[in-house]
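As structure tokens, the structure follows; a few thoughts come after it.
Laboratory data are not the source of any read-out in this text; all were calculated from the coordinates shown. None of the values given here were measured: they were computed from a predicted structure. Reconstructed Cβ throughout: ideal geometry from the backbone, glycine too, with neighbour counts over all protein chains shown.
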Amino acid sequence: MPQFDVYANPNSGSRASVPFVVDVQSNLIDALPTRLVMPLSRVGAEQARLPSNLCPPVTLEDEVLTLMPHLAAPVDRRLLRHPVRSLAHRAHDISAALDAVVSGV
């Protein structure tokens, strides 16, 4: 599964506020049954009172969503079936956001 691919949120209970998730797991550990994903939320960083470098905006299907790296979680890879888009062109921003969660940088 390609890193930084975007999928429809497999959790129907949170899909209204988090329509998509982005796979951030390195392909070096592709054999695992799970993938680490970050939510793309309709709640903006300013609404959640979070720094914009931690939660960068992402435009997807004409909607501005907010990456929420502090809510990253493993998901059964079988639930991530059809990618809707790749955010590989935003790899630096996504990695920096995850670094901000882990190291505060």
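Mind listing the Cα extents of segment 2-51 along all three principal axes, in Å, largest one first?
37, 26, 13
In nm, what is the difference between 0.36 nm times the number of residues separating residue 85 and residue 26 and their Cα-Cα distance?
So the extension gain works out to 19.5 nm.
With a Cα-only, solvent-free Debye model of segment 44-99, what are the log10 I(q)/I(0) values at q = 0.22, 0.28, 0.31 Å⁻¹?
Debye intensities relative to I(0), on a log10 scale: -1.01, -1.25, -1.27.
Hey, how much of the P(r) for the chain falls beyond 25 Å, as a percent of Cα pairs?
12
For the pair residue 1 and residue 52, what calculated FRET efficiency results from E = 1/(1 + (r/R0)^6), where r is the Cβ-Cβ distance and R0 = 25 Å, to the nearest 0.05?
The calculated FRET efficiency here is 0.35.
Going highest first, how would you order 12-21, 80-89 by mean Cβ packing within 10 Å?
Per-residue mean Cβ counts within 10 Å order the peptides as 12-21, 80-89.
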